[in-house]
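Novice: Here it is: the structure, laid out below.
Quick note: the coordinates plus some simple rules give every number you see, no bench work behind them. Remember, predicted model here, so these are calculated numbers, not experimental data. Every residue, glycine among them, receives a Cβ derived from its backbone with ideal geometry; neighbour counts consider all protein chains shown.
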Amino acid sequence: MKKRVGIIGGGAAGLFTACLIKRFSNGEDIEVTILEKSSAPGKKLTLTGHGRCNITNRKDASVLKDCYHEAGNFIYPALKEFGPEDTIELIEKHIGLKTKEEANNRIFPVCDSAVRVRDALLSYISGSANILCDTKVTGIRINDCFEAETAKGTYSFDYLVLSCGGSSFPKTGSSGDSYRLAQNLGHTIVPVRAALAPVNADKDSAAFTKALSGVSLTAGISLYSEGKKVCYREGEILFAPFGLTGPAVMEMSREIPSDISGKGAYLELDLIPSVKDEDFDREFQDLIKEHADTKITNLLARFVPASVASAVAERAGAEDLYAQGFTRENRRALIRETKHLRIGLESAPVLEGAYVTRGGVSLKEVDRKTCMSKIVPGLYIIGEALDIDGISGGFNLQACMSEAYLVSKDILNR
Ligand SMILES: Cc1cc2nc3c(=O)[nH]c(=O)nc-3n(C[C@H](O)[C@H](O)[C@H](O)COP(=O)(O)OP(=O)(O)OC[C@H]3O[C@@H](n4cnc5c(N)ncnc54)[C@H](O)[C@@H]3O)c2cc1C
């Protein structure tokens, strides 16, 4: 009998599943239907990689699973069965787009267009999958098959793939429906919060970051909450009118508690992370001795961009000071503002601006070798709907692809 496969959500995970079913079906007659709530599939996919689609990452296989935080062990079998090299081969040989490798092993299509990636996926599955847009699934019933309820009617399937995303960037269509649908079928939802998100500074700190808006540099960032250091990251940060963004800040955002009120949470920036406090102080004292007539701001500009030097010197009360007469107290203030620069937080990062969702369907209730629900046989849950969030660099799309492979293989083997 012909297998009827329903895919709820035509985002990255749903489209990859349809592609992989086609790729490995070996002529088997299989009916694939994608039910998509929006007017067009893959809206979020078209925004990825700043519109260029960072599709995967060629990082060494031995460290790949570490890029998924607590979910590393869950995702490991999927990555092993269908890893970055398999994704590249699929995209190049079957989807028909050449790829290239950029800094930090990130893989992009040569055409630098996420829209073209989405369109190429659609073109590959046209004829093998039926995509119904403007078709929001509002409920799932289970009788002797799966029944997906929509305003246009009920659709019946033998296997159902739940891939309607998380709660991040809800304007693209992923607004938490996966969780409601899964919960109604008995699944537990690990509380969701923003990951890979920009950080909003409080009013005072935002005045500082706004003045430096557009400037980026490599910094160390420590997150403090309830008087304790929660974590430390080092990497590129970008000053913005509302606070901070850039890869290192976004990667840290998942650690910021969802309710920061009363926790005294703040970020501490080290603007010269390659030099210890005492070494910086020593080097600066040497400079002071050698350049007595030079403004402090200009000496500081030897360590950080000139605009940052000027803003930091102002915070340290040294904007009008010269090397001559620069006291020990002055030096202490300068070290504080350069290597322990405090950015107060206005609020926890919000899902509206987050690239991915932390939390989601509990991994304890999903088989990591097939992505099938342990509660509802025949139901597969993949993509951002799951409690998996990867670091930035192509790892989130790779997770969707690897999970989609497990699903397609399991369905085709039945
Ligand atoms: C700005 C931005 C840039 C990013 N860049 C990258 C990058 O370069 N590399 C990378 O690896 N990751 C990137 N990501 C993350 C990546 O896009 C996501 O991890 C990925 O899209 C998740 O795929 P998904 O299919 O699970 O969810 P989505 O892509 O969100 O797809 C879910 C789909 O389900 C549909 N849907 C929702 N509810 C229903 C319903 N009830 N019925 C029917 N359909 C429904 C939605 O309309 C949507 O089309 C980026 C994310 C953002 C926001």
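Novice: Using alpha carbons only, how many degrees (0 to 90, rounded to 10) separate the axis of helix 114-125 from the longest principal axis of the chain?
Specialist: 10 degrees
Novice: Go ahead and set up a Gaussian network model of the chain, Cα springs under 10 Å, then flag whichever of Ala292, Ala354, Ala13 fluctuates most.
Specialist: Ala292
Novice: Divide, for region 220-278, the radius of gyration over alpha carbons by 2.2 N^0.38 Å, where N is the residue count.
Specialist: 1.14
Novice: Here's something else I'd like to know. Percentage of Cα-Cα pair distances in region 1-160 greater than 20 Å, rounded to whole percent?
Specialist: Summing the P(r) of region 1-160 above 20 Å gives 56 percent of all pairs.
Novice: Averaging over all projection directions, find the projected area of the Cα convex hull of region 198-349 and quote it in nm² with one decimal place.
Specialist: With every direction weighted equally, the projected area is 8.3 nm².
Novice: Kirkwood Rh, Cα Rg: Rg to Rh for region 52-104?
Specialist: Here the Rg-to-Rh quotient is 0.99.
Novice: Still on this structure: When the chain is modelled as a GNM with alpha-carbon springs shorter than 10 Å, which of Ser62, Ser307, Ser216 fluctuates the most?
Specialist: Answer for the Gaussian network model of the chain: Ser62.
Novice: How long are the semi-axes of the ellipsoid equivalent to the chain, from square roots of 5 times the Cα gyration tensor eigenvalues, in whole Å, largest first?
Specialist: One finds semi-axes of 48, 21, 17 Å for the chain.
Novice: Which loop trypsin sites (Lys or Arg not before Pro) in region 60-133, with loop taken from DSSP, have no more than 12 other Cβ atoms within 10 angstrom of their Cβ?
Specialist: Lys98
Novice: Something else about it: Round to the nearest 10 and give me the degree value, 0 to 90, for the angle of helix 12-24's Cα axis relative to the longest principal axis of the chain.
Specialist: In the chain, helix 12-24 runs at an angle near 50 degrees to the longest axis.
Novice: I'd like the orientation of helix 72-81 relative to the chain: the angle between its Cα long axis and the longest Cα principal axis, in ° from 0 to 90, rounded to 10.
Specialist: Once rounded, the angle reads 60 degrees.
Novice: Further question: Measuring from label point to label point, each 7 Å out along Cα→Cβ, what is the Thr188 to Asp367 span in nm?
Specialist: My value for the distance between the label points is 2.0 nm.
Novice: Work out how far the C-alpha atoms of region 136-268 reach from end to end along every principal axis, then list the three figures in whole Å, largest first.
Specialist: 59, 30, 24
Novice: Related question: Compare Arg193, Arg368, Arg328 in a GNM of the chain, Cα atoms joined below 10 Å, and give the one with the largest fluctuation.
Specialist: Arg328
Novice: Per q in 0.09, 0.12, 0.14, 0.22 1/Å, what log10 I(q)/I(0) does a Debye calculation on the alpha-carbon atoms of region 264-397 return?
Specialist: -0.49, -0.64, -0.72, -1.22
Novice: Right, next: Kindly flag which residue pairs out of Lys2/Lys152; Lys65/Lys263; Lys3/Lys65; Lys59/Lys98; Lys44/Lys374; Lys228/Lys339 have an alpha-carbon separation exceeding 26 Å in this structure.
Specialist: Lys65/Lys263; Lys3/Lys65; Lys44/Lys374
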